[in-house]
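Beneath this line is the structure, given in C-alpha cells, with notes to follow.
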Amino acid sequence: MSLDGALLHCVKQELNSLIGARVDKIYQPSREEIVVSLRNLNGADKSRKSLVFSANSTAARVHLTSAEFENPPSPPMFCMLLRKHLGNGRLVDIRQDGLERILFFDFECVNEIGDVVVNTLTAEIMGRNSNIILVRNGKIVDSVRRVSAVESDDSARRVLPNCEYEPPPRSERLNLLTADVSEILARLSDSRDRLSKALMNTLEGISPIFARECAFYAANDVDVTCNAADKSRIEEFLENARKSLNSPTEFTLLSENGKNKDFCFVDIRQYGDVMNKRLFPSANALLDAFYTESDRSGAARQRARELVKTLSSAYSRVLRRLETRKKELSECGEREVFRVCGDLINANIYRLERGMTKCILEDFFSGEPREIALDARLTPAQNAQKYYTEYRKLDTAEKKLTELIRGDEEELAYLDSVLDCVSRTESDPELAEIRRELSEQGYIRAAKGGERPSKKPSEPLRYRSSDGFEILVGKNNRQNDLLTLKTAKAADIWLHVKDIAGSHVIVKTDGSPPSEQTLIEAAQIAAFHSKAREGSGVPVDYVPVRFVKKPAGAKPGMVIFTNNRTLYVTPSEETVERLRDNH
C-alpha cells in the first residue's frame, strides 16, 4: 500500500483551488510530519484548510486533512525555518512532473530585506526515501531528512543545505496520461513477466494494486502473463483509467476486519467479497480517512510506547513493593507468640531469676509445656517487657502495613486503568490528556514551560442504543470523572466491568427507565472498552449514578458504589460499531 503518482495527480488537481491562499500557521507534530494551515482571502470559501506533509516511510503523503494534530510547545528547528521562509507566503502554483511521486508547492514570500522571492516546499513521496524539502532558487534551504551521498541510494544525490536540488532519478517509463495505448501494449508484448509486473515496469506512477486490477480485468487472474492476457481488455481498462484520472468521480478504499488495507483511483474487484469497499468523492478525502484511521492504531500507538514503558516500570516497581510488604505482614502474624511469652513470664515470675537463658513453663492456653528464651542480662520482669515490646511493634507494623498494602493495591489498579486507556488511545490529543494526568499525579515530569492545554478537550465516545438511549463512554480517567461526577444525573445508569480496568459508561435516561435491551447493549459497550474486550461472559456492574461516590483523595477514575447489580455479556465489535452515534 503506497500513494502512487496517479493518485497524487488527482490530489494536485483538487489542491489547485487553493492557489492564491496564504500561509496562516505551520507546525510540526512529529519528526517527519508538517502541517501547513492556509487561509483563502480571495475565494468564496474563506475557511482555513490544513495540508499535511509526511515523510514517514510507511505513511508518506500530502493531502488536505480535517484531523487534529498536537502542536508541540517547542517547535523543532525545521518548523521554525519553515515559519521564517514561508510565513504569510502566498501559494502561487502546484507542480508535478508527469506522474512522478513528487509535488512542488511554490510560495511567493518576502525575504529578510523585503524582496519578493519564490520558495518551493517539495514533497517527495518515495517510500523509505520520502522527504520534505524547502528549495529557493534551485538550492536546498533544508529538509526534514538530511541525506549525504553515502546514505543516498543514488551516490550522486545529496539532500543537504546549500546543495543544488536534484530530483530523484527517473526511469524510462510511459505516462498513462499522455502515452498512446498502442505503445504501452507494444512494450507489454515484449515482456515475459506477469502482466502486473510488466505494467509496473512500463508505466510510471502506478501502484501494485492498480497493476493487479488491470490483470484481473483482462483475464480474471492477477497472475496472468502478458502473452495470455486479452489485449483488447487491457486497452479498455487503460482507457477507462485515463478517463478516471482526467475526470475522477470516485475513489476506492479497501478494508478487512476493520483495518484499512489499500486504496486506488479506480474500482477494485480483484478481492471479491474478501475486502470491504468504501467510496470517496475526492482523493484528499480518501487519503485523510485512510491515514487518520490508520494512525489510530499505528502512529499514535508508536508515540505512546515511551509512555507505556514508563507506566510498566512504575507498575513493576509498585508490584515488587507490594510483595515485600505482604511478606512482612505475614511475619506480623507471629506477634501473638510474643504476647503469650510475656504473659507466661509474668505469671511465673516468682520461679525465675536473673541469669537464666531459658525456662520451660506450662502454657495455660494449650496446657502444653513451652520453652521460652531469656536474656541472662535482664531480670524476669524486663524479659517480659521485652516480649511485650516486640508484640506491640509487630501489632503497629501490621496496622501500618495493612494501610500501605491497600494504598499499593489502589495504585496498581490506577496504573492498570491508565495502561488500558493508553492501549485504546486513538489520537495524539487524547494521549496528551493522559500525559497531563500522569504529570499531575507525579509519574512523569511536566513538559518544559508547562504542558500546553488542548484548544478543545476531547469528547467522550457516543453511542445510541436500539431503543434510542444515549450512551457515553469516557476515554481516560479524567474524562471518566467528568462523566460520572459532573455530566451524569442522579437517575442515569453507571456501568463498569467488575474488578477489571475499563471506561466509565453512562446511559442517559432523561427520567425514563432504560429497557433490558439498552442495559445489555451498554454492558457490551463497557466490556468492549476494557481489558476484557476479548473475553466472554464478562461481568459488568450497573447502578444508578446517585449510588456512585468518589472517596476523598482518590486518584482520577477511582470511585466506590453500592446497590449494584451485575450483567454477564460477551463484547462484540460488530455490535459496538453498529451502535456508534456519528452525529
_Residue check, E239 at pLDDT 90 or above, loosely packed, with under 15 Cβ neighbours inside 10 Å and farther than 29 Å from T58 by Cβ_ = yes
*asked:* Just to verify a result, which residue in the range 528-583, among those that are more than 21 Å from K486 (Cα to Cα) and of a type in the set (A, V, I, L, M), is most open to solvent (accessible area, probe 1.4 Å)?
replied: L567
_Looking at the range 383-423 only, could you name the residues that are farther than 30 Å from S530 by Cα and not charged (D, E, K, R)?_
N383, A384, Q385, Y387, Y388, T389, Y391, L394, T396, A397, L401
*Residue check, E516 out of contact with any strand residue (DSSP E or B) (no Cβ under 6 Å at 6 or more places or on another chain), at pLDDT 90 or above and open to solvent by 10 Å² or more (accessible area, probe 1.4 Å)*: yes
_Could you go through the range 243-257 and let me know if any residue there is surrounded by 17 or more Cβ atoms within 10 Å (Cβ to Cβ), in a helix (DSSP H, G or I) and of a type in the set (S, T, N, Q)._
yes
*Within the range 410-420, is there a residue that is touching a Ser or Thr at 6+ places or on another chain (Cβ under 8 Å) and modelled with pLDDT under 90?*
yes
*asked:* Being open to solvent by less than 40 Å² (accessible area, probe 1.4 Å), modelled with pLDDT under 95 and closer than 20 Å to Y414 by Cα is the requirement here; does A488 meet it?
replied: no
*With respect to E371, is the statement that it is buried (at least 16 other Cβ atoms within 10 Å of the Cβ), charged (D, E, K, R) and either modelled with pLDDT under 90 or within 18 Å of E336 (Cβ to Cβ) (or both) true?*
no
*asked:* Test of understanding: among R233, R212, which residue is open to solvent by less than 80 Å² (accessible area, probe 1.4 Å) and either touching a Pro at 6+ places or on another chain (Cβ under 9 Å) or outside any loop (DSSP other than H, G, I, E, B) (or both)?
replied: R212
*Taking the residues in the range 374-385 that are in contact (Cβ under 8 Å) with a residue 12 or more places away in the chain and part of a helix (DSSP H, G or I) as candidates, determine which candidate is surrounded by the most Cβ atoms within 10 Å (Cβ to Cβ).*
N383
_So R128 passes all but one of these: (1) of a type outside the set (S, T, Y); (2) open to solvent by 80 Å² or more (accessible area, probe 1.4 Å); (3) in a loop (DSSP other than H, G, I, E, B); (4) closer than 22 Å to S30 by Cα. Which condition number does it fail?_
(3)
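This table checks each residue for (1) closer than 11 Å to A60 by Cα; (2) touching an Asp or Glu at 6+ places or on another chain (Cβ under 8 Å).
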position: R101; (1), (2): yes, yes
position: F107; (1), (2): no, no
position: N111; (1), (2): no, no
position: V118; (1), (2): no, yes
position: A123; (1), (2): yes, no
position: R128; (1), (2): yes, no
position: I132; (1), (2): yes, yes
position: R136; (1), (2): no, no
position: I140; (1), (2): no, yes
*Which residue out of R445, R462, R478 is surrounded by fewer than 20 Cβ atoms within 10 Å (Cβ to Cβ) and either at pLDDT below 85 or over 23 Å from D420 (Cβ atoms) (or both)?*
R445
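This table checks each residue for (1) farther than 30 Å from L329 by Cβ; (2) crowded, with 20+ Cβ neighbours inside 10 Å.
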position: E390; (1), (2): no, no
position: K393; (1), (2): no, no
position: T396; (1), (2): no, no
position: K399; (1), (2): no, no
position: E403; (1), (2): no, no
position: E409; (1), (2): no, no
position: Y414; (1), (2): no, yes
position: S417; (1), (2): no, yes
position: S423; (1), (2): yes, no
*Check whether at least one residue in the range 499-518 is farther than 18 Å from Y463 by Cβ and among the charged types (D, E, K, R), and report yes or no.*
yes
_If I ask for residues that are over 13 Å from E32 (Cβ atoms) and in a strand (DSSP E or B), which ones from the range 131-151 would you list?_
L134, V135, R136, K139, I140, V141, D142, V147
*Among the residues of the range 276-328, write down those that are among the hydrophobic types (A, V, I, L, M, F, W, C), crowded, with 16+ Cβ neighbours inside 10 Å, at pLDDT 85 or above and not in a helix (DSSP H, G or I).*
F280
*Among the candidates R146, R157, residue that is open to solvent by less than 40 Å² (accessible area, probe 1.4 Å), of a type in the set (K, R) and either modelled with pLDDT of 95 or more or farther than 27 Å from V266 by Cα (or both)*: R157
*Which of the residues spanning the range 61-109 are free of Cβ contacts under 8 Å to residues at least 60 places away in the same chain, in a helix (DSSP H, G or I), open to solvent by 30 Å² or more (accessible area, probe 1.4 Å) and touching a strand residue (DSSP E or B) at 6+ places or on another chain (Cβ under 6 Å)?*
R83
*asked:* Can you name every one of the strands (runs of 3 or more DSSP E) wholly within the range 481-583 that holds 3 or more residues which are more than 23 Å from G468 (Cβ to Cβ)?
replied: 538-544
*Mind checking which residues of the range 526-583 are among the charged types (D, E, K, R), closer than 27 Å to L438 by Cβ and over 22 Å from the mean Cα position of the chain (by Cα)?*
D541, K549, K550, K555
*Does the range 166-200 hold any residues that are polar (S, T, N, Q) and surrounded by fewer than 14 Cβ atoms within 10 Å (Cβ to Cβ), and which are they?*
S171, T178, S182, S189
_Residue in the range 334-356 that is of a type in the set (D, E), in a helix (DSSP H, G or I), free of Cβ contacts under 8 Å to residues at least 60 places away in the same chain and closer than 30 Å to A413 by Cα present_ = no
*Identify the residue in the range 329-350 that is over 19 Å from F364 (Cβ atoms) and among the acidic types (D, E) and, among all such residues, is least open to solvent (accessible area, probe 1.4 Å).*
E331
*Quick one: which of I500, I525 is more than 28 Å from G407 (Cα to Cα) and open to solvent by less than 70 Å² (accessible area, probe 1.4 Å)?*
I525
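The values are calculated or read from the model by the stated rules, or taken from the named source; none is laboratory data. None of these values were measured; they are calculated from a predicted model. Counting neighbours? That spans all protein chains shown, and the Cβs are built from the backbone with ideal geometry, glycine included. Surface accessibility is based on the protein's heavy atoms, side chains included, excluding ligands, DNA and RNA. Shrake-Rupley method; radii C 1.70, N 1.55, O 1.52, S 1.80 Å.
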